[in-house]
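In what follows, a structure is listed as structure tokens, so that the remarks can point back to it.
The values are calculated or read from the model by the stated rules, or taken from the named source; none is laboratory data. Since we're looking at a predicted model, the values are computed, not measured. Here the Cβ is made from the backbone with ideal geometry for all residues, glycine too, and neighbour counts use every protein chain on show. With ligands, DNA and RNA removed, areas are computed over all heavy atoms of the protein, side chains included. Shrake-Rupley method; radii C 1.70, N 1.55, O 1.52, S 1.80 Å.
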Amino acid sequence: MSSSRFLATFLFVSVVFATGSQAAVFSRISQKAACPVVTTKPDFDYIPYAGLWYEIERFENVFQQGTSCERAIYEEISTGVVSVLNTAVLADGTLTNITGSATAISPEEPGHLIVSFPGRPDGDYLVLDTDYTNYASVYSCGTAGAFVLEYAWLLGREQTMTQEIMDLALSKYTQFGVDVSTFQMTTQGPTCEYFPEYPFPPASN
Ligand SMILES: *[C@@H]1O[C@H](CO)[C@@H](O)[C@H](O)[C@H]1NC(C)=O
């Protein structure tokens, strides 16, 4: 297909499946037959999962590059519902954020959340595994016609991740046949501007 038609299709499926770690969309698009069958962490508990996470790796996306310093802050709003605040720095240095919520949909599958952002279709947020204190291997996959669109957010509690933890977190994808070879590292660390301050400072009057 022509590249402009491909781009149009890509943008369409991006909108459909923008479960959105960020304002920008990072995904892997391929013409595989179907999404891999994955299972989520069976005893997932969103309480110790809450707080601040840094995006360490994600699927590369040739269409939108240049955002960095991605973070996610999760806080319980009510039973089974957490707020989601995603922040990032755009290529031109602009700070960007998006707020939404994530809801556990079934007690039988506590690691399967549905993420909602205003003005966007809801999306799956599948916690394949996490140890709560070092890493979380998060995944989402959808199909649109002949396309399979995968999202992956390998999250860490720190701005850097040891190779040992990285290998463990990656194995949570590869065990289900997810191809992690096109994961790319997210820029984190001293070159980043991190906002807001977290833990949130107490409100002042
Ligand atoms: C998020 O962005 C909005 C404007 O787009 C801004 O008003 C708000 O302060 C930002 N929040 C944070 C935490 O940066």
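Find the residue count for the stretch 158-186, including only residues that are β-branched (Val, Ile, Thr) and either modelled with pLDDT of 95 or more or within 16 Å of the ligand (Cβ to nearest atom) (or both).
Going through the stretch 158-186 one residue at a time, the tally reaches 4.
Considering only the stretch 171-204, state which residues are among the charged types (D, E, K, R) and either exposed (fewer than 12 other Cβ atoms within 10 Å of the Cβ) or out of contact with any Asp or Glu (no Cβ under 6 Å at 6 or more places or on another chain) (or both).
Asp179, Glu193, Glu197
Mind checking which residues of the stretch 71-96 are over 20 Å from Pro42 (Cβ atoms), away from the ligand (no atom under 16 Å from the Cβ) and of a type in the set (Gly, Ala, Ser)?
Ser78, Ala91
Taking the options Thr143, Thr133, Thr160, name whichever one is assigned to a strand (DSSP E or B), more than 18 Å from Thr67 (Cβ to Cβ) and open to solvent by 50 Å² or more (accessible area, probe 1.4 Å).
Thr143
Give all pairs with beta carbons closer than 6 Å in which a residue from the stretch 173-201 that is of a type in the set (A, V, I, L, M, F, W, C) meets a residue that is modelled with pLDDT under 95 and in a loop (DSSP other than H, G, I, E, B); count only pairs at least 6 apart in sequence or on separate chains.
Close Cβ pairs (under 6 Å, with a partner that is modelled with pLDDT under 95 and in a loop (DSSP other than H, G, I, E, B)) amount to Phe176/Pro36; Val178/Pro36.
Would it be correct to say that Asn61 is at pLDDT 90 or above and open to solvent by less than 40 Å² (accessible area, probe 1.4 Å)?
No.
Is it true that some residue in the stretch 97-105 is more than 16 Å from the ligand (Cβ to nearest atom) and free of Cβ contacts under 8 Å to residues at least 24 places away in the same chain?
Yes: the stretch 97-105 contains one or more residues that are more than 16 Å from the ligand (Cβ to nearest atom) and free of Cβ contacts under 8 Å to residues at least 24 places away in the same chain.
For the stretch 100-119, give me the residue count where each residue is part of a loop (DSSP other than H, G, I, E, B) and surrounded by 15 or more Cβ atoms within 10 Å (Cβ to Cβ).
4
Out of the residues in the stretch 146-157 that are at pLDDT 90 or above and part of a strand (DSSP E or B), which is surrounded by the most Cβ atoms within 10 Å (Cβ to Cβ)?
Out of the qualifying residues, it is Leu154.
Please verify whether the stretch 122-142 includes one or more residues that are in contact with a strand residue (DSSP E or B) (Cβ under 7 Å, 6 or more places away or on another chain) and within 16 Å of the ligand (Cβ to nearest atom).
No, every residue in the stretch 122-142 fails to be in contact with a strand residue (DSSP E or B) (Cβ under 7 Å, 6 or more places away or on another chain) and within 16 Å of the ligand (Cβ to nearest atom).
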